[in-house]
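Okay, structure first, notes after.
The values are calculated or read from the model by the stated rules, or taken from the named source; none is laboratory data. The structure presented is a predicted model; accordingly, all values stated were derived computationally and were not measured. In this analysis, Cβ positions are derived from the backbone assuming ideal geometry, glycine residues included, and neighbour counts consider all displayed protein chains.
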Amino acid sequence: MLLIRHERGIHVVSPGRAGLAGKDHWPQECFNNAGVPGVPAGDEGAGWAREDAAAGRAGWPRSTIRLVSSLDILASRLPGGTVSTDPQTLHDRAIDSWSLALLRRVRGDDLPEPAAVISPARTEEVATVLAWASQTGTAVIPRGAGSGVCGGAQAGTQAGTQAGTQAVVLDLSRMNRIGPVDLESQTVEVQAGVRGDRLEEELAKSGLTTGHYPQSIAISTVGGWIAASSAGQASTGFGAIEDVLLGLIAVLPDGEILRLRPVPRSAAGPDLKKLIIGSEGTLAVVTEATLACRARPTAWEWLAFGYPDFTTLATTLKDVKRAETGAAVLRGYDETDAQLGFGALNHTTGCVGLAGFPSGPPGLDARKQAAQAILQTQGTELGARYGEHWWQHRNDAVQTYAQIMGPERSFGPGVIVDTMEVAGLWSNVPRLYGDIQTALSAHAQAVACHLSHLYPSGSSLYFTFLITGADDHEAESTYRAAWQRAAHACAEAGGTITHHHGVGRLKAPFLETELGATGAHVLTRIRKALDPAGIMNPRVLQP
Ligand SMILES: Cc1cc2nc3c(=O)[nH]c(=O)nc-3n(C[C@H](O)[C@H](O)[C@H](O)COP(=O)(O)OP(=O)(O)OC[C@H]3O[C@@H](n4cnc5c(N)ncnc54)[C@H](O)[C@@H]3O)c2cc1C
């Protein structure tokens, strides 16, 4: 709401909902050259919540504009309580789970915080927010649950946001409605802020599952999965988010609502869903989705074998994948990762290969036997307990990561633990493994690797590495050097720098190498076409 004091009295200007998307509905004197309501030209961003003193300026209209603040205007268009400037909320939503951001927070850096956290409950409210942001040139950082590990949901860099103003965080977590479930089609409609564990609890009541089980399932949302192109731990059998996502509703930067109907497949032009998948909040805000479900496994059966070296392990798992045995989980641990994962079982040497079969589909015994025949050709049987142990502890790393990188600092200061998940064709897997391990080891104290998302043509490689320094600052510069060198090694070996964590701010400097100059330019042009004001998650994907 804007108060305009004319010589003959105060006029309250409060545009109706229909007028939110266009400045045509505002009196012309409310606009400066930059099109920012109530903020004199050249003063953009300096005017949050202040009385405007521009009345006497040369060239300014004779009427006095009393600024209630751009945020107040937005708040007046949304249900009460949607816009928060509570200091603790701003602090909590300022960063995601990128290890460098967590390090900076615990070492006490003055990290940029958003001007506000906006928590809409409906798609139309998101449209209101984005229309306002485009009009005012305010950067918007969409946020699901903040479990992203690449700085994709971060309020700004130390150099400030693109527009030189404070960004706002668009927190989707209140958009957490689940349903309806279509039992005939086996699909579920959800709002984007639904957390994975809640979704699975709800679907279990109908004997269904999405089969999308990221390790972060209890700390991540459907919208975050789509935006960051997530893959779950059973993706080898059940597919990743692009296989589960049937339709979506998203809001474009100008507030327009894009509705992509749920269908099993479509040849109606380029798949716009795929444009949104992995866009990390730079092209649109996902507000609703229809996901494919499947019968929920009532139990899992496991095979586990030991291997003398990583190449033998990888070749064996490739053969199991190609044999189409119905193993939904296939995992291969190098020797270091096997120690970390199975040390509790007194595992001492060698690599470990796991195959997990959901019970339910027919022919399980025969399919398991076929997998076993391949696994035992060069492997030593370890027993189902390895699989059962993994299943039971599959999400423990969420807590371990928080303990190391959070305030507890269980490994002490000067320590960063991070992961790098790349992917490549089988013909490149040995080189990716060797070269990235060498690159990381030049800087890291420990490097472990596993294969966890397998395809007939290739695999992901998931490296976990530990950086140490005399203090946090030394650890930070070592960390940067490690990423630089490992990203280069990945590119040289023909891999992609990310299989499922996305790019964020962390990998933005490496994206052009992967896409090529032309590919990067295509992305820039798409961004500019959809988001001419440049408000959507600046500096994410591209620096
Ligand atoms: C311990 C740990 C384990 C993990 N394991 C896995 C794993 O197994 N598999 C996996 O895929 N990932 C994993 N992750 C990474 C992370 O959980 C995923 O990237 C997840 O998809 C992020 O979801 P989120 O809701 O937390 O999104 P956020 O972190 O809040 O956001 C991620 C990105 O998406 C954007 N975004 C969020 N919501 C929306 C929306 N509705 N519309 C538009 N843009 C949006 C944000 O701007 C940001 O760029 C793990 C993370 C941790 C910390």
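Against the conditions (1) without any contact (Cβ under 8 Å) to a residue 12 or more places away in the chain; (2) under 23 Å from residue 508 (Cβ atoms), residue 228 satisfies every one except (1). Scanning the range 483-504 for residues that are under 15 Å from the mean Cα position of the chain (by Cα) and of a type in the set (Ser, Thr, Tyr) yields a total of 1.
Residue count for the range 170-180, restricted to those that are part of a loop (DSSP other than H, G, I, E, B) and either on the phi > 0 side of the Ramachandran plot or within 18 Å of the chain's Cα centre (by Cα) (or both): 2. Residues of the range 272-309 that are farther than 30 Å from residue 180 by Cα and touching a helix residue (DSSP H, G or I) at 6+ places or on another chain (Cβ under 6 Å): 302, 303, 304, 305, 307. When 382, 440, 461 are checked against the criterion of being in contact (Cβ under 8 Å) with a residue 24 or more places away in the chain and out of contact with any helix residue (DSSP H, G or I) (no Cβ under 6 Å at 6 or more places or on another chain), a single residue qualifies: 382.
Cβ-Cβ distances below 6 Å connect no pair with a first residue in the range 502-515 that is within 13 Å of the ligand (Cβ to nearest atom) and at pLDDT 95 or above, a second residue that is assigned to a helix (DSSP H, G or I) and of a type in the set (D, E, K, R), and a separation of six or more residues or different chains.
From the set of residues in the range 320-366 that are in contact with a strand residue (DSSP E or B) (Cβ under 7 Å, 6 or more places away or on another chain) and basic (Lys, Arg), which is nearest to residue 450 (Cα to Cα)? Restricting to residues being in contact with a strand residue (DSSP E or B) (Cβ under 7 Å, 6 or more places away or on another chain) and basic (Lys, Arg), the top hit is 331.
Of all residues being among the hydroxyl-bearing types (Ser, Thr, Tyr), part of a helix (DSSP H, G or I) and within 14 Å of the ligand (Cβ to nearest atom) in the range 400-444, which is nearest to residue 103 (Cα to Cα)? Just the residue, please. My answer is 401.
All conditions but one from (1) under 27 Å from residue 311 (Cα atoms); (2) under 32 Å from the mean Cα position of the chain (by Cα); (3) buried (at least 16 other Cβ atoms within 10 Å of the Cβ) apply to residue 404; the one that does not is (1).
Residues are listed down the side, and each one gets a yes or a no for (1) touching a Leu at 6+ places or on another chain (Cβ under 8 Å); (2) outside any helix (DSSP H, G or I); (3) over 21 Å from residue 427 (Cα atoms); (4) not assigned by TED's automatic domain parsing to the domain that holds residue 462:
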| residue | (1), (2), (3), (4) |
| --- | --- |
| 305 | yes, yes, yes, yes |
| 324 | no, yes, no, yes |
| 337 | no, no, yes, yes |
| 360 | no, yes, yes, yes |
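Filtering the range 117-135 to residues that are among the hydrophobic types (A, V, I, L, M, F, W, C) and part of a helix (DSSP H, G or I) leaves 126, 127, 129, 130, 131, 132, 133. Of all the numbered requirements in (1) part of a helix (DSSP H, G or I); (2) under 30 Å from residue 538 (Cα atoms); (3) of a type outside the set (Ser, Thr, Tyr), residue 289 misses one, and that requirement is (1). Among residues of the range 210-258 being assigned to a strand (DSSP E or B) and crowded, with 21+ Cβ neighbours inside 10 Å, the one that is farthest from the ligand (Cβ to nearest atom) is 246. Does any residue of the range 290-308 turn out to be surrounded by fewer than 24 Cβ atoms within 10 Å (Cβ to Cβ) and within 16 Å of the ligand (Cβ to nearest atom)? Yes; the residues of the range 290-308 include at least one that is surrounded by fewer than 24 Cβ atoms within 10 Å (Cβ to Cβ) and within 16 Å of the ligand (Cβ to nearest atom).
Does residue 340 satisfy being modelled with pLDDT of 95 or more and within 27 Å of residue 298 (Cα to Cα)? No, not satisfied. crowded, with 24+ Cβ neighbours inside 10 Å, in contact (Cβ under 8 Å) with a residue 60 or more places away in the chain and not β-branched (Val, Ile, Thr): which single residue out of 107, 93 fits that description? Answer to the check: 93.
Residue by residue, here is whether (1) over 32 Å from the mean Cα position of the chain (by Cα); (2) surrounded by 15 or more Cβ atoms within 10 Å (Cβ to Cβ); (3) part of a helix (DSSP H, G or I) holds:
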position	(1), (2), (3)
352	no, yes, no
357	no, yes, no
368	yes, yes, yes
389	no, yes, yes
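The set of residues from the range 181-209 being more than 12 Å from the ligand (Cβ to nearest atom), part of a strand (DSSP E or B) and under 11 Å from residue 291 (Cα atoms) comprises 181, 182, 187, 188, 189, 209.
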